[in-house]
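Enquirer: I'd like to ask some things about the structure below.
The values are calculated or read from the model by the stated rules, or taken from the named source; none is laboratory data. Fair warning: this is a prediction, and the values are worked out from it, not measured in the lab. Methodologically, a virtual Cβ is constructed for each residue, glycine included, from the backbone with ideal geometry; neighbour enumeration extends over all protein chains shown.
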Amino acid sequence: MNNAKLEFTVGIFMLAGIICLAYLSIKLGKMELIGGDNYRITAGFDSVSGLKPGARVELAGVEIGTVEKIGLSDDTGDQARVTMKIREGVKLGDDVIASVRTSGIIGDKFIKLKPGGSDKLLKDGSRIRDTESAIDIEELISKFIHGNVD
């Protein structure tokens with residue numbers, strides 16, 4: 001009888017440990033099981049070279065979201081369409097400017113948002129109109145070397 005009680009207690013502790021481990025893995029991995037407190041916005045860029053899903057989205061140097069998905073625009077197919085998840089509570093005006101930037105000289109790419117002055121706010125599913133694409137260093141160096149700098 002005493003042995004069964006000990007095995008039951010050990011089993012409860014193991015179950016509690018596995019639940020805690022799963023919770024920490026989800027929180028530290030920034031994963032979401034049920035939607036989360038985010039809203040989604042999109043932006044169209046001429047080039048998003050080097051940008052990957054999961055990249056951070058910053059406003060004034062503070063991370064406010066992540067890049068969820070990158071694909072071609074449904075409208076024309078000649079622009080990249082970036083879908084971003086923005087934390088609920090972050091208010092962005094409809095005249096915000098999105099640009100693809102690099103951390104450091106050869107660091108990771110991320111989206112930098114520059115606020116505008118509009119009182120009208122972006123909602124879930126809204127699209128950012130003003131964007132600045134990534135600077136392609138290789139193309140710039142190639143133009144410089146071959147004398148095609150404008």
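Enquirer: T131 versus (1) at pLDDT below 85; (2) hydroxyl-bearing (S, T, Y); (3) under 16 Å from the mean Cα position of the chain (by Cα); (4) farther than 18 Å from G61 by Cα: which is the lone unmet condition?
Expert: The one condition T131 does not meet is (4).
Enquirer: Please enumerate the residues belonging to region 88-138 that are without any contact (Cβ under 8 Å) to a residue 60 or more places away in the chain, buried (at least 17 other Cβ atoms within 10 Å of the Cβ) and polar (S, T, N, Q).
Expert: S99
Enquirer: Now for a separate question. Taking the stated definitions as given, is D95 at pLDDT 85 or above and either out of contact with any helix residue (DSSP H, G or I) (no Cβ under 9 Å at 6 or more places or on another chain) or closer than 14 Å to G50 by Cβ (or both)?
Expert: Yes; evaluated as a whole, the condition is true for this residue.
Enquirer: Separate question: Could you tell me whether region 79-102 includes any residue that is farther than 20 Å from V57 by Cα and in the same structural domain as K52 (by TED's automatic domain parsing)?
Expert: Checked region 79-102: no residue is farther than 20 Å from V57 by Cα and in the same structural domain as K52 (by TED's automatic domain parsing).
Enquirer: Then there is this: Could you tell me which of the residues V48, V82 is of a type outside the set (F, W, Y), buried (at least 19 other Cβ atoms within 10 Å of the Cβ) and at pLDDT below 85?
Expert: Working: V82 fails: at pLDDT below 85.
Of the residues listed, the single one that is of a type outside the set (F, W, Y), buried (at least 19 other Cβ atoms within 10 Å of the Cβ) and at pLDDT below 85 is V48.
Enquirer: Got at least one residue in region 129-138 being closer than 12 Å to I41 by Cα and out of contact with any helix residue (DSSP H, G or I) (no Cβ under 7 Å at 6 or more places or on another chain)?
Expert: Yes: region 129-138 contains one or more residues that are closer than 12 Å to I41 by Cα and out of contact with any helix residue (DSSP H, G or I) (no Cβ under 7 Å at 6 or more places or on another chain).
Enquirer: Applying the selection to region 51-61, what residues are free of Cβ contacts under 8 Å to residues at least 60 places away in the same chain and either within 16 Å of T131 (Cβ to Cβ) or loosely packed, with under 11 Cβ neighbours inside 10 Å (or both)?
Expert: G54, A55, V57, E58, L59, A60, G61
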